[in-house]
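One structure is given here, and the rest of the page talks about it.
The values are calculated or read from the model by the stated rules, or taken from the named source; none is laboratory data. All figures in this text were calculated on a predicted structure; none of them were measured in a lab. With ideal geometry, Cβ positions are generated from the backbone for all residues, glycine too; neighbour counts draw on all protein chains shown. Accessible surface is based on the protein model in full, side chains and every heavy atom, while ligands, DNA and RNA are left aside. Shrake-Rupley method; radii C 1.70, N 1.55, O 1.52, S 1.80 Å.
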Amino acid sequence: MHVDVWLQFYNKERYHSDRDCFGKTPIQTWKESLHLAKDVILDAINEHLVCLYFVERRGNCFCQGEAFQ
């Protein structure tokens, strides 16, 4: 079987019954959870930007319990 054909079948046609897919295909699971990953990434970016702001303005930032200078 050609790898491209197998990947197409595995990700888009074959339903998975493991704990993460809940009977959906991997591509369905990925599409439905993409917004969660984006939220986590945006939160991390925003936290980093706030830290940078405080470092720039005050010389330090207390992110996650640590002082950044």
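Summary table
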item	result
Residue that is at negative phi and at pLDDT below 85, where the choices are F68, F9, F22	F68
Every pair of residues 6+ apart whose Cβ atoms lie under 7 Å, when the first sits in segment 1-16 and is closer than 15 Å to I27 by Cβ and open to solvent by 80 Å² or more (accessible area, probe 1.4 Å) while the second is modelled with pLDDT of 85 or more and not polar (S, T, N, Q)	K12/I27; Y15/K24
